[in-house]
Amino acid sequence: MTEFFASCDCASPEYQESLLALVVQTDSEDYWSKIFRVTNLLGAGTTPNRAKILELHTWLTHFWRSDKGILYIADDSGEVHESAESGLTSRIVSEGRAITFVWGLSDQEVYAVGDAGVVFLWNGKTWTAISDPLGDRLYGASKAADGSLYVCGQAGHFWRRTDSRWQRIELPTNRRLTATFATPDSTVWVCGEGGALFRGRGDDWEELRLTETNLHGICLFKGGIYIAGSRDGVLKYDEKTGLQSVKPTVVSYGLVADEHHMVSFGDKIAIRFNGETWAGIKFD
């Protein structure tokens, strides 16, 4: 009998009463991916409800939900699938090379990066490469309020794009940089393997050596910086005391937040935080 393994590889707040979760099932040779809408997340003593809204016989790697509710979903073959009420539209973005991260500011400005090391931009009509290869692989992107686009990747690669020009930011690390995030004041954070953690802007960067654990995601929620600490769970940055554990009982490989909730995902669990209580779902 074939044994299947499931993992929750991405999740996001949807509405105040729901979240979206990407679950990938594999038998180590083939992949099935599903996106669920999860409701009734009320905490201890309640059972969440889940409804499948999309299923594809492929390895979906990541998704981003726009303010209009459109999902941009990446896969390991280099396609980005656009899921809307009108149906599913699939476009080849990076032929034969996985897209592992997709994120945007609007339905006319969506970025995708992955194994080709190239940054791709969706302008609402077409996908276009806006960089040459910036290293072997890229894992994250963010855009600051001053208009600068930042991308991070393999072997400490960290790049800034201003006025259509790319500049490499030389950080003192050769670790894989897994995520970057820009706050409203244009302060940019970037994190990665072995506790790599930096913040800054422009040419001014500060290294924050606070842990040896692998860091995988950053978000701003209710005024605080939260970081996905893999098997150390969800961490919160404090200016005086460093990284504080706020949810050590989950595996966290990514964080996404809106004004109401923060969602952590990793292993088989997606879990939501409203600033006071946590409520989640486990996918077996």
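The values are calculated or read from the model by the stated rules, or taken from the named source; none is laboratory data. This one's a predicted model, so the numbers in the text were calculated from it and none came from an experiment. Counting neighbours? That spans all protein chains shown, and the Cβs are built from the backbone with ideal geometry, glycine included. Surface areas here come from the heavy atoms of the whole protein model, side chains and all, with no ligands, DNA or RNA. Shrake-Rupley method; radii C 1.70, N 1.55, O 1.52, S 1.80 Å.
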- Query: the stretch 125-180: which trypsin sites (Lys or Arg not before Pro) are DSSP loop and have at most 13 other beta-carbon atoms within 10 angstrom?
  - Reply: Lys125
- So which aspartates and glutamates can Lys125 reach, going by Cα to Cα under 17 Å and dropping same-chain residues fewer than 8 places off? Glu79, Glu82, Asp107, Glu109
- Gained length - Thr126 relative to Lys52, 0.36 nm times residue gap less alpha-carbon distance: 23.8 nm
- Message: Computed from the coordinates I sent, Kirkwood radius over Cα pairs in Å equals one of (1) 21.7; (2) 19.0; (3) 22.5. Tell me the label.
- Response: (2)
- Task: Give, as a single signed number, the net charge of other residues whose beta carbon lies under 12 Å from the beta carbon of Thr173, with Lys and Arg counted +1 and Asp and Glu -1.
- Result: 0
- Query: Okay, which of the stretch 109-148 sit inside 17 Å, backbone N to the point 7 Å along the Cα-Cβ direction of Thr26?
  - Reply: 114-116
- Message: Can you tell me which of Asp136, Asp107, Asp203 moves the most in a GNM of the chain? Springs connect C-alpha atoms under 10 Å apart.
- Response: Asp203
- Just how large is the dipole of the chain about the Cα centre, in debye to the nearest 20, putting +1 at every Lys and Arg Cβ and -1 at every Asp and Glu Cβ? 360
- Message: Of the candidates Ala11, Ala155, Ala112, which one comes out as most mobile in a Gaussian network treatment of the chain with C-alpha springs shorter than 10 Å?
- Response: Ala155
- Query: How far, in nm, would the chain grow between Arg168 and Asp203 when pulled straight, counting 0.36 nm per residue and subtracting the alpha carbon separation?
  - Reply: 11.6 nm
- Hey, could you pull the Cα Rg and Dmax for the stretch 157-236, both in Å? 12.5, 39
- Query: Counting other Cβ atoms within 10 Å of each Cβ, which GluC sites (Glu not before Pro) in the stretch 1-88 have at most 16 and sit in a DSSP loop?
  - Reply: Glu3, Glu17, Glu29, Glu85
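Once neighbouring chains are kept in place and the probe is 1.4 Å, which whole percent of the accessible area of the stretch 1-155 is contributed by carbon and sulfur? Don't skip to the end; give the middle numbers.
Values: 3300 of 7260 Å².
Using a 1.4 Å probe with all protein chains present, the stretch 1-155 comes out at 45 percent carbon and sulfur.
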- Message: Pick from Thr128, Thr61, Thr249 the residue whose mean-square fluctuation is largest in a GNM of the chain, springs joining Cα atoms under 10 Å.
- Response: Thr249
- Query: What is the sum of charges around Ala74, taking Lys and Arg as +1, Asp and Glu as -1, for the other residues whose C-beta is under 12 Å from the C-beta of Ala74?
  - Reply: -4
- Note on the structure: Treating only Lys and Arg (+1) and Asp and Glu (-1) as charged, each at its beta carbon, one finds that the stretch 79-152 has a dipole about its Cα centre, in Debye to the nearest 20, of 60
- Query: Among the aspartates and glutamates, which fall within straight-line cross-link reach of Lys282, defined as a Cα-Cα distance under 15 Å, with same-chain neighbours fewer than 8 residues apart omitted?
  - Reply: Asp9, Asp267
- Query: In terms of Cα to Cα distance under 17 Å, which lysines are near enough to Lys222, apart from those fewer than 8 places away along the same chain?
  - Reply: Lys236, Lys247
- Query: Residues of the stretch 120-185: accessible area per residue at 1.4 Å, in Å²?
  - Reply: 50
